[in-house]
Amino acid sequence: MTESDLRAAVARELPGVRADLDRLVRIPGIAFDGFDHAQVERSAEAVAELLRGCGLDVDIVRAGGQPAVIGRKAAPPGAPTVMLYAHHDVQPVGDRALWESDPFEPVERDGRLYGRGAADDKAGIMAHVAALRAFGDRLPVGVVLFIEGEEEYGSDSLERLLAEHRDKLASDVIVIADSTNWDVGVPALTTSLRGIVNCFVEVRTLNHAVHSGMFGGAVPDALTTLVRLLATLHDDAGNVAVEGLVGQEAASVDYPEDRFRAEAGLVEGVRLIGTGRITDRLWTKPALAVLGIDAPATAEAPNALVPTAKAKLSVRLAPGDDPKQAYAALCDHLERYAPWGAQVTVTFEHDGAPCVIDATGPVCDAARSAFRTAWDGTDPVDIGVGGSIPFIATFQEMFPQASILVTGVEDPHARAHGPNESLHLGEFARVCLAEALLLSRVAAAARG
């Protein structure tokens with residue numbers, strides 16, 4: 001198909017793609033413990049139906065976790081096979097009072113589609129479907145669609161799934177549609193991602209709560225102790241102060257501070273933390289955040305010294321770091337800096353490796369060309385991402401001969417994982433066109 005044919009075909013398919021995206025957003029498929037996993041099953045079935053509608057052979061598969069969907073269509077003679085990855089599970093919604101509309105009822109406002117999963121990552125699924133529908137029976141490459149069902153919960157069963165279905169998933173090119181673009185109107189290829197270590201730290205200073213007046217002033221309460229311990233994790237400038245973590249200054253572009261402040265939603269007067277270029281702080285240096293604290297609620301807190309307090313920590317690891325070594329360094333820091341001899345217990349939750357992606361060669365050239373065309377001549381930017389997609393390292397290990405492209409449908413205003421997540425519909429149309437062009441140009445590159 002010519003470029004003009006593909007443009008017309010994608011435009012023709014977009015209304016139906018949008019309707020199917022709305023249907024997917026309405027399914028609250030959350031793989032976290034404590035949620036109705038029947039909805040994850042329902043989500044997998046809906047995705048399977050969409051892929052069957054594209055003429056693919058489809059299986060719903062499991063390896064001890066939530067259901068993934070694999071759809072396959074063989075390559076024409078001499079053509080490569082492209083794996084198209086996305087995930088159908090979504091993050092919990094958090095405090096519904098912070099949402100301007102029902103998170104599972106898609107609503108369009110000012111050119112954006114609002115709803116949990118609208119951007120992360122059900123739009124990724126539908127970008128794949130849009131490209132397949134645009135080609136119809138004239139698909140120039142073989143495709144394997146791998147739509148995971150527990151990415152947001154840590155991809156615990158992914159490695160087993162890949163091992164069990166390795167032959168079925170074998171591909172020459174892997175397109176992972178789970179990242180972001182540089183800005184509205186500026187596409188991007190993601191070339192590095194940070195890793196992650198999540199854990200819990202609990203401090204104990206007492207066997208039981210005691211009267212704050214009778215014992216306060218001599219006995220340290222656990223909450224004050226925990227706060228002091230957490231304060232040691234950063235220096236005065238806000239740099240991570242845990243010895244042994246990898247960090248470097250290697251970002252190729254910078255992020256204007258005024259734009260960054262606006263996109264992050266910083267309130268007036270709050271200063272940025274850390275030192276160096278903003279992109280270094282986001283992409284190539286470690287970050288450490290306190291995600292939550294278990295302590296008495298203020299409305300119910302008695303005048304008593306708290307015996308134990310617990311926090312959840314998340315460390316984002318720079319490319320080149322090792323999750324196991326990073327966790328050991330964090331444990332050592334927490335134990336060494338425990339205030340007043342408090343007992344400290346650190347409990348591992350999960351980790352994931354950082355990665356660097358080789359963005360050279362004919363496949364990446366084809367991707368850049370496709371993006372440039374879809375964005376009307378705007379060159380794509382090579383970016384790092386501060387977030388983590390740990391399974392990319394697994395794909396690199398299990399399919400070492402495949403070229404990996406990390407693309408995405410999000411933009412800096414998407415608010416993925418937060419309240420009022422949204423998808424820019426104009427950018428989504430460009431993503432759908434870009435993917436169709438990419439498949440066509442990958443096929444052409446293989447023909448030489």
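The values are calculated or read from the model by the stated rules, or taken from the named source; none is laboratory data. It should be emphasised that the depicted structure is a prediction, and the values quoted were computed from it without experimental measurement. Glycine also receives a Cβ, built like all others from the backbone with ideal geometry; neighbour counts cover every protein chain displayed. The area values use the complete protein model at the heavy-atom level, side chains included, leaving out ligands, DNA and RNA. Shrake-Rupley method; radii C 1.70, N 1.55, O 1.52, S 1.80 Å.
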| request: Would you mind giving the three semi-axes, in whole Å and largest first, of the ellipsoid equivalent to the chain according to its Cα gyration tensor? | output: 42, 23, 21
| Counting only heavy atoms of protein chains, what accessible area per residue, in Å², does the chain have with a probe of 1.4 Å? | 43
| said: Can you compute log10 of I(q)/I(0) for the range 185-298 with the Debye formula, treating each Cα as one identical point scatterer, at q = 0.15, 0.18, 0.21 Å⁻¹? | reply: -0.87, -1.08, -1.30
| request: Pick out, from LEU439, PHE399, VAL385, the residue whose Cα sits farthest towards the positive end of the charge dipole of the range 377-448, with +1 on the Cβ of Lys and Arg and -1 on the Cβ of Asp and Glu. | output: LEU439
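Expressed as a whole percentage, what fraction of the accessible surface of the chain belongs to carbon and sulfur atoms when a 1.4 Å probe is rolled over the protein heavy atoms? Working shown, then result.
Numbers: 9440 of 19300 Å².
Solvent-exposed carbon and sulfur of the chain make up 49 percent of the total.
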| message | With the crude spin-label approximation of a point 7 Å out along Cα→Cβ, what separation in nm comes out for ASP294 versus ILE273? | response | 2.3
| said: Nearest 5 percent is fine: what portion of the DSSP beta bridges confined to the range 1-146 is antiparallel? | reply: 70
| query | Among ALA304, LEU145, GLY217, whose Cα lies farthest out toward the positive end of the dipole of the chain, if unit charges sit on the beta carbon of Lys, Arg (+1) and Asp, Glu (-1)? | reply | LEU145
| If you count the DSSP beta bridges with both ends in the chain, what percent of them are antiparallel, to the nearest 5? | 70
| Where in the chain are the helices, taken as whole DSSP H runs, whose Cα atoms extend 30 angstrom or more along the long axis and whose Kyte-Doolittle mean reaches at least -0.5? | 3-25, 425-447
| Between the range 1-71 and the range 152-219, the Cα center-to-center distance that results, in Å | 24
| request: When a/c is below 1.5 the answer is rounded, else prolate if a/b is larger than b/c, else oblate, so apply that to the range 230-289 with a ≥ b ≥ c taken from the square roots of the Cα gyration tensor eigenvalues. | output: oblate
| What translational D, rounded to a whole number of µm²/s, comes out for the range 1-107 from Stokes-Einstein when the hydrodynamic radius is the Kirkwood one over Cα pairs, at 10 °C and 1.306 mPa s? | 98
| remark: Rounded to the nearest Å, the spacing of the alpha-carbon centers of the range 252-297 and the range 339-362 is 18
